[in-house]
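Okay, so here's the structure we're looking at.
The values are calculated or read from the model by the stated rules, or taken from the named source; none is laboratory data. Please read these numbers as outputs of a predicted model, since none were measured by experiment. Surface areas here come from the heavy atoms of the whole protein model, side chains and all, with no ligands, DNA or RNA. Shrake-Rupley method; radii C 1.70, N 1.55, O 1.52, S 1.80 Å.
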Amino acid sequence: MNKLDRLIEEALQEQDRDILHQTEELGYFALGLKQFSGKLGWVTWVLMIAQTAMFIAAVWCGIQFFEAVETLPALKWGLSAATLALMAIQLKLSLMPQMQADRIIRELKRIELMVARQKS
(Lines give C-alpha, C1' and ligand atoms only; values in the text may rest on other atoms or scores of the structure.)
Protein backbone atom coordinates (compact mmCIF):
# COMPACT_ATOMS: atom_id res chain seq x y z
CA MET A 1 0.00 0.00 0.00
CA ASN A 2 1.49 3.33 -0.99
CA LYS A 3 1.25 6.68 0.78
CA LEU A 4 -1.76 7.89 -1.24
CA ASP A 5 -3.74 4.74 -0.38
CA ARG A 6 -3.00 5.28 3.31
CA LEU A 7 -4.13 8.91 3.17
CA ILE A 8 -7.38 7.91 1.45
CA GLU A 9 -8.06 5.20 4.01
CA GLU A 10 -7.45 7.61 6.90
CA ALA A 11 -9.86 10.14 5.38
CA LEU A 12 -12.69 7.65 4.96
CA GLN A 13 -15.36 7.04 7.57
CA GLU A 14 -15.63 3.70 9.35
CA GLN A 15 -18.42 2.42 7.06
CA ASP A 16 -16.45 3.43 4.00
CA ARG A 17 -13.43 1.54 5.30
CA ASP A 18 -15.55 -1.60 5.54
CA ILE A 19 -16.59 -1.19 1.90
CA LEU A 20 -12.98 -0.61 0.95
CA HIS A 21 -11.87 -3.84 2.65
CA GLN A 22 -14.78 -5.90 1.24
CA THR A 23 -13.95 -4.87 -2.33
CA GLU A 24 -10.19 -5.12 -1.89
CA GLU A 25 -8.22 -6.13 -4.95
CA LEU A 26 -7.52 -9.86 -5.19
CA GLY A 27 -4.13 -11.31 -6.03
CA TYR A 28 -3.36 -13.19 -9.24
CA PHE A 29 -3.93 -16.68 -7.81
CA ALA A 30 -7.11 -15.64 -5.97
CA LEU A 31 -8.47 -14.20 -9.23
CA GLY A 32 -7.58 -17.41 -11.05
CA LEU A 33 -9.28 -19.62 -8.48
CA LYS A 34 -12.34 -17.37 -8.48
CA GLN A 35 -12.90 -18.29 -12.14
CA PHE A 36 -14.00 -21.78 -11.05
CA SER A 37 -17.08 -20.42 -9.25
CA GLY A 38 -20.03 -18.28 -10.24
CA LYS A 39 -22.34 -18.44 -13.23
CA LEU A 40 -19.62 -19.32 -15.73
CA GLY A 41 -17.56 -21.55 -13.46
CA TRP A 42 -18.56 -24.64 -15.44
CA VAL A 43 -16.95 -23.15 -18.56
CA THR A 44 -13.67 -22.80 -16.72
CA TRP A 45 -13.89 -26.42 -15.52
CA VAL A 46 -14.51 -27.65 -19.08
CA LEU A 47 -11.63 -25.56 -20.44
CA MET A 48 -9.23 -26.79 -17.75
CA ILE A 49 -10.19 -30.44 -18.29
CA ALA A 50 -9.73 -30.07 -22.06
CA GLN A 51 -6.45 -28.20 -21.54
CA THR A 52 -5.14 -30.89 -19.19
CA ALA A 53 -6.09 -33.65 -21.64
CA MET A 54 -4.31 -31.81 -24.47
CA PHE A 55 -1.23 -31.27 -22.33
CA ILE A 56 -1.05 -34.96 -21.39
CA ALA A 57 -1.52 -35.94 -25.04
CA ALA A 58 1.21 -33.46 -26.05
CA VAL A 59 3.64 -34.99 -23.54
CA TRP A 60 2.80 -38.49 -24.78
CA CYS A 61 3.31 -37.41 -28.42
CA GLY A 62 6.58 -35.75 -27.42
CA ILE A 63 7.82 -38.98 -25.87
CA GLN A 64 6.85 -40.88 -29.03
CA PHE A 65 8.70 -38.23 -31.06
CA PHE A 66 11.94 -38.79 -29.19
CA GLU A 67 11.56 -42.59 -29.46
CA ALA A 68 10.98 -42.54 -33.23
CA VAL A 69 13.95 -43.66 -35.32
CA GLU A 70 12.59 -42.86 -38.80
CA THR A 71 11.87 -39.40 -40.15
CA LEU A 72 8.19 -39.75 -41.10
CA PRO A 73 6.98 -41.10 -37.72
CA ALA A 74 9.15 -38.53 -35.92
CA LEU A 75 7.58 -35.77 -38.00
CA LYS A 76 4.08 -37.10 -37.27
CA TRP A 77 4.65 -37.26 -33.51
CA GLY A 78 6.58 -33.98 -33.35
CA LEU A 79 3.94 -31.96 -35.19
CA SER A 80 1.20 -33.55 -33.09
CA ALA A 81 3.04 -32.70 -29.87
CA ALA A 82 3.66 -29.10 -30.93
CA THR A 83 0.06 -28.57 -32.08
CA LEU A 84 -1.43 -30.05 -28.92
CA ALA A 85 0.90 -28.01 -26.70
CA LEU A 86 -0.01 -24.78 -28.51
CA MET A 87 -3.72 -25.58 -28.26
CA ALA A 88 -3.38 -26.27 -24.53
CA ILE A 89 -1.59 -22.95 -24.01
CA GLN A 90 -4.22 -21.10 -26.04
CA LEU A 91 -7.05 -22.60 -23.95
CA LYS A 92 -5.35 -21.57 -20.74
CA LEU A 93 -4.70 -18.03 -22.01
CA SER A 94 -8.35 -17.69 -23.07
CA LEU A 95 -9.23 -17.17 -19.39
CA MET A 96 -7.06 -14.05 -19.01
CA PRO A 97 -9.62 -11.61 -20.50
CA GLN A 98 -12.25 -12.92 -18.06
CA MET A 99 -9.88 -12.37 -15.14
CA GLN A 100 -9.25 -8.80 -16.32
CA ALA A 101 -13.01 -8.19 -16.71
CA ASP A 102 -13.56 -9.45 -13.15
CA ARG A 103 -10.95 -6.99 -11.87
CA ILE A 104 -12.62 -4.09 -13.66
CA ILE A 105 -16.11 -5.09 -12.46
CA ARG A 106 -14.80 -5.31 -8.89
CA GLU A 107 -13.34 -1.80 -9.12
CA LEU A 108 -16.56 -0.42 -10.63
CA LYS A 109 -18.56 -1.93 -7.76
CA ARG A 110 -16.14 -0.31 -5.35
CA ILE A 111 -16.65 3.10 -6.95
CA GLU A 112 -20.40 2.56 -7.15
CA LEU A 113 -20.59 1.80 -3.43
CA MET A 114 -18.54 4.85 -2.55
CA VAL A 115 -20.67 7.14 -4.74
CA ALA A 116 -23.86 5.69 -3.25
CA ARG A 117 -22.44 6.26 0.23
CA GLN A 118 -21.65 9.91 -0.62
CA LYS A 119 -25.19 10.58 -1.87
CA SER A 120 -26.83 9.28 1.30
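log10 I(q)/I(0), Debye, Cα-only segment 16-120, no solvent, q = 0.13, 0.18, 0.20, 0.24 Å⁻¹? Relative scattering, expressed as log10 I(q)/I(0), comes to -0.64, -0.88, -0.98, -1.16. Accessible surface area normalised per residue over segment 46-113 is 71 Å², counting heavy atoms of protein chains with a 1.4 Å rolling probe.
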